[in-house]
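The next block holds one structure in the form of structure tokens; read it before the comments.
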Amino acid sequence: MFEKGIYIARRQKLKQQLSKGIILLLGNEESSMNYKDNWYHFRQDSSFLYYFGLDKAGLAAIIDIDNNKEILFGRELTLDEIVWMGPQPFIADQAAKVGITDVQSPVSLAMHLQKARAAGQTIHFLPPYRPENTRKLSEWLGLSLEAVKELASVALIKAIVAQRSIKSAEEVEQINKAVDITAAMHLAAIKGAKEGMTEAQLAGQLPGIAIGAGGNLSFPTILTVNGQVLHNHYGSTVMQQGQLALCDAGAENALHYAGDMTRTFPVGKKFTTLQKEMYDIVLSAQEAAIAALRPGILFRDVHFIACEKLMEGLKEHGVVKGDVKEAVAAGAHTMVFQCGLGHMMGLDVHDMEDLGEQYVGYTDDMKKSTEFGLKSLRLGRSLEPGFVVTIEPGLYFIPELMDLRKSEGKFKDFINYNQLDTFRSFGGIRIEEDLLITSGGSQLLGKPLAKTAADIEALRG
């Protein structure tokens, strides 16, 4: 965890932003896989970590702004638990390290909330994403299960988003560590791919790197020779000469800060001529997007810059026709780029997505689009110094989408469907890196990893 003063300052700022009421923050519980005592790897709630720093199951906390109290709720281990898990630090000792002196039993939390409701205090809570926390809130606050998410505090959501969006120097240091681990995972994937190996065999090498560095995966690894499927997780597919392997993987470090990178590389030693040409189009789009990053620019506009570069490259290959800007304005780029350019990243790989994209990536004045393609853009708002974002353009040739749009006669002024049809078996390409928005532009996070086609081929050599 960070030093005590950081957590105290974070909570103080949160209190100032809300000014009154009670803030209720729930940690996560252990979660069973297939029977009670066989647990998934524990992952603490990120907002709880941000304000209280304690990576332990079964905790909750209230920040009573009106009465200037901060209370942590948790129980000590039983003797049976100590037998199986070993001795653990006392909760009070851990709480002291983050500036909390009032530690109480979880049983008393319901009483505190009952008194607050009777006194007419506003109770601010976040939308739960785990069913056990939905149930707790329902019982404690006298709400139906359906009402719990609907009545989550928008004021608290906005206050937390405002704080967590701006990464401190200490957080950037942690993200750099996570991205370094992530880069090591990708280096292993690029070097380790062999013809005749399954996707799963290659993907299986990556978790050990993340775990060995003191953390874990920041999301389930995407590794596939069918890169046209945007989130195609690894399987038993055998990788063959002439195919492209797309690896989208990330690590989170010991403090749970995330990394998220993608590299696309040949299963053989070299890209084919066409693969290299398409790869260079994606790389050009990524470089143009990164060059445009600066405070004040709408990320949505950066997204469109990348879209135009993709379409310009495909126009040179006869897939696109007409004016490129008009093609993008009409949405024709979604034939090959159906998702968004990137997202915020921090304690979550899609930072604060549990709080709602409309609050994290957009504003009261800027609403998220419902159009195909743009509806998948998680971040649209103007960038600020301290934001950490991913930049991940791609080309995805999806036969089913080609057939549908051609049958509809859609984008016929901008897409040469006969030429596009020659890419039916091509697959997909994505290149992704993580960047910090600075006062003068952006800064690449983590150690640089091979990105040009030539450098990747050198690693495949």
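The values are calculated or read from the model by the stated rules, or taken from the named source; none is laboratory data. What you see is a predicted model, and the numbers here were worked out from it, not measured in a lab. Reconstructed Cβ throughout: ideal geometry from the backbone, glycine too, with neighbour counts over all protein chains shown. Calculation scope for accessible area: heavy atoms of the full protein, side chains included, ligands and nucleic acids excluded. Shrake-Rupley method; radii C 1.70, N 1.55, O 1.52, S 1.80 Å.
Miscellaneous remarks
- With Cα atoms, 0 to 90° folded angle of helix 169-192 axis to the chain main axis: 40 degrees
- Estimated FRET transfer efficiency when R0 is 56 angstrom, pair L401-D37 (beta carbons, to 0.05): 0.75
- Charges were assigned to the Cβ only: +1 to each Lys and Arg, -1 to each Asp and Glu. The resulting dipole of the chain about its Cα centre is roughly 320 debye.
- Gyration tensor (alpha-carbon) shape descriptor, segment 1-56, a/c threshold 1.5: oblate
- Spacing of the two label points (7 Å from each Cα toward its C-beta) at E316 and D365, in nm: 3.9 nm
- Positive-end residue, segment 324-380 charge dipole about Cα centroid, Cβ charges, pick of S376, V324, G356: V324
- 0 to 90° range, to nearest 10: angle between helix 399-408 axis and the chain longest Cα axis: 70 degrees
- Helical contribution to [θ] at 222 nm, DSSP H n ≥ 4, -39,500 (n - 2.57), averaged over the chain, rounded to 500: -11500 deg cm²/dmol
- Summary of the geometry: segment 19-75 and segment 352-375, compared by the centres of their Cα atoms, lie 27 Å apart.
- Between segment 144-217 and segment 386-461, the alpha-carbon centres lie 21 Å apart.
- For the set R10, R75, solvent exposure ranked by accessible area (probe 1.4 Å, protein chains only) runs largest to smallest as R75, R10.
- Cross-link table K321/K375; K177/K368; K315/K406; K269/K321; K194/K270, entries beyond 22 Å C-alpha to C-alpha: K321/K375; K177/K368; K269/K321
- Here the dipole of segment 163-238 is about 60 debye; that uses its Cα centre as origin and unit charges on the Cβ of Lys and Arg (positive) and Asp and Glu (negative).
- Size of segment 358-398 as Cα extents on the principal axes (Å, biggest first): 34, 23, 11
- Segment 82-136 and segment 226-302 have Cα centres lying 41 Å from one another.
- Computed over the chain, Kirkwood Rh from alpha-carbon pairs, angstrom: 23.9 Å
- When peptides 212-220, 77-85, 145-153 are ranked by their average number of other Cβ atoms within 10 Å per residue, the highest-first order is 212-220, 145-153, 77-85.
- Candidate cross-link partners of K20 among the aspartates and glutamates, defined by an alpha-carbon separation under 13 Å and a same-chain spacing of 8 or more, comprise D64, D66.
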